[in-house]
Amino acid sequence: MSEIREKIIGLKQYMQQQILGQEDLVKKLIITMLADGHALVEGAPGLAKTKAIKTLSECIEAEYNRIQFTPDLLPSDITGSEIYVSATGEFEFRKGPVFANLVLADEINRAPAKVQSALLEAMAERQVSVGGKQYKLPNLFMVMATQNPIEHEGTYNLPEAQLDRFLMYIKIGQPDAVTEHRILHLVRGEDMAKANNSTKQSACSLSINDVLSARKEAYDIHVSEAVEEYLVQLIMATRHPEKYDESLNNTIAYGASPRATIALDKCAKIHAWLSGRDFVTPEDIHALVYDVLRHRLILSFEAQASGLSSDDVISKLIKLVPLP
């Protein structure tokens, strides 16, 4: 195992000790970061979504900002704006909170479309345009956006085309009783440490260069022609599902875009790298296919009316597309 892989594995293990019951979320956040992408996380309040990315930022020598999305938020509240400086008689650009390495966009669906678009444009272009000038975002730049699945009043759904900008759409659930006990004991210990004014130091520390080196190493993972063909056929099946099963005809209105193919390839490589292998297997693809595809499939009205979800369709396609 390479030194940089040991550091990333150490990061994952430390975070999973701090974010109990969300091991899957931790792993997928790290994969998203290494894949140079962004994650949309959906889960009920209190499931440590905010703590997850904050802990990640504490383990890396990186700048972290949180943006609380509200209905009265303006695009300039995210990107920044030009301020007139009377001392110089000139306008000066003041950077907004999006200028950070790790950004939490909390409850992104509470802000109107114009504000959502400002963030998603920064995510896609890796720059902000203000006053006819472009300002580059950092080399390490990841947005974790959250949304609450149980509350819809006063929210603005993200359009499907904008959802495609997210590398992964991660859904998380409630912990079991055993994990709930562990969470309780962990929080009691943290509260006691605060009461004693003792600050806990992070057990892991990575630089931004470490993350960029890990990204480069993971991208070198081998994908055989057979596995690559399998990956492509999974994507093709979302566009023409009737070729595999006539009952799926008119189920999907729009299949996954080429961006999904690229995303699944990157994520599968990183998953294999984290697993200690130098080649991708179908299991690596299966481990991430739901998170990569669920927000990129637009189901037909008939499918939605019959109660089918994107995950249901993906499960059927996995069974129908032959393994290499």
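What is the distance, in nm, between label points placed 7 Å from the Cα along the Cα-to-Cβ direction at residue 182 and at residue 65?
For the pair residue 182/residue 65, the computed spacing is 3.5 nm.
If you average the sequence gap of Cα pairs under 8 Å that are 6 or more apart and divide by the length of the chain, what percent do you get for the contact order?
20
Can you give the percent of C-alpha pairs in segment 275-324 whose distance is more than 16 Å?
Value for segment 275-324: 48 percent of Cα pairs lie more than 16 Å apart.
Just list whichever of 7/28; 51/316; 49/269; 243/319; 7/95; 27/319 have alpha carbons separated by over 23 Å in the model shown.
Working: 7/28 16 Å; 51/316 34 Å; 49/269 25 Å; 243/319 14 Å; 7/95 32 Å; 27/319 25 Å.
Over 23 Å Cα-Cα: 51/316; 49/269; 7/95; 27/319.
Direction-averaged shadow area of the convex hull around the Cα atoms of segment 105-145, nm²?
Average of the hull's projected areas for segment 105-145 equals 3.2 nm².
State the extension gain, in nm to one decimal, for the chain segment bounded by residue 228 and residue 76, taking 0.36 nm per residue of separation less the distance between their alpha-carbons.
Gain in length upon complete extension: 50.5 nm.
In percent, how large is the relative contact order of segment 178-324, given Cα pairs closer than 8 Å and 6 or more residues apart?
26
Measure of size requested: the Rg and Dmax of segment 64-105, with Cα atoms as the atom set and Å as the unit; please supply both.
My reading of the Cα-based Rg and Dmax gives 12.4, 35 Å.
For a Förster distance of 30 Å, can you work out the FRET efficiency between the beta-carbons of residue 257 and residue 209, rounded to the nearest 0.05?
So, using R0 = 30 Å, E works out to roughly 0.40.
What spacing in nm lies between the two simple spin-label points modelled at residue 84 and residue 301, each 7 Å away from Cα in the Cβ direction?
5.3
At 1.4 Å probe size, with the rest of the protein present, what percent of the exposed accessible area of the chain is carbon and sulfur atoms?
50
Based on the alpha carbons, how large is the Rg to Rh ratio for segment 177-263 when Rh follows Kirkwood?
With Rh from the inverse mean 1/r over Cα pairs, Rg/Rh is 1.28.
Less than 20 Å apart at the alpha-carbon level, and either on another chain or at least 8 residues along: which aspartates and glutamates does that give for residue 216?
The reachable aspartates and glutamates, counting only those whose Cα sits under 20 Å from residue 216, are 3, 6, 36, 61, 228, 265, 278, 284.
May I ask you to list the aspartates and glutamates whose Cα is less than 18 Å away from that of residue 133, ignoring any residue fewer than eight positions away on the same chain?
77, 82, 90, 92, 121, 125
If N is the number of residues in segment 179-324, what value comes out of its Cα radius of gyration divided by 2.2 N^0.38 Å?
1.43
For residue 242 and residue 136 in the same chain, what is the full-extension length gain: residue separation times 0.36 nm, less their Cα-Cα distance, in nm?
33.7 nm
Pairs of Cα atoms under 8 Å, at least six residues apart: use those to get the relative contact order of segment 1-74, whole percent.
26 percent.
Tell me the Rg and the Dmax, in Å, that the Cα atoms of the chain produce.
Computed over the Cα atoms of the chain, radius of gyration and Dmax are 21.0, 71 Å.
With the other protein chains left in place, how much accessible area per residue, in square angstrom, belongs to the chain at a 1.4 angstrom probe? Provide the component values of the computation, followed by the final result.
Working: 16060 Å² over 324 residues.
Result: 50 Å² of accessible area for each residue.
What length, rounded to one decimal in nm, is gained on full extension from residue 91 through to residue 323, with 0.36 nm per residue of separation minus their alpha-carbon distance?
Numbers: separation 232, 0.36 × 232 = 83.52 nm, distance 5.95 nm.
Length gained between residue 91 and residue 323: 77.6 nm.
Would you mind estimating how fast segment 1-81 diffuses translationally, via Stokes-Einstein at 20 °C and 1.002 mPa s with the Kirkwood radius over Cα pairs, in µm²/s?
149
Can you give me the Cα centroid spacing of segment 90-118 and segment 229-277 in angstrom?
31
Could you work out the helix-only [θ] at 222 nm for the chain, with each DSSP H run of four or more residues adding -39,500 (n - 2.57) and the total divided by the number of residues, to the nearest 500 deg cm²/dmol?
Working: 13 runs with 151 residues, N = 324.
It comes out at -14500 deg cm²/dmol, rounded to the nearest 500.
What number results when the radius of gyration of segment 37-181, computed over Cα atoms, is divided by 2.2 N^0.38 Å?
1.14
How big is D, in µm² s⁻¹, for segment 219-294 by Stokes-Einstein at 10 °C and 1.306 mPa s if Rh is the Kirkwood radius over C-alpha pairs? Mind showing how you got there, number by number?
Working: Rh = 12.9 Å.
For these conditions, the coefficient is 123 µm²/s.
The values are calculated or read from the model by the stated rules, or taken from the named source; none is laboratory data. Please read all numbers here as calculations on a predicted model, not as lab measurements. Note that each Cβ is placed from the backbone with ideal geometry, even for glycine, and that neighbours are counted across all protein chains shown. Accessible surface areas use protein heavy atoms only, side chains included; no ligands, DNA or RNA. Shrake-Rupley method; radii C 1.70, N 1.55, O 1.52, S 1.80 Å.
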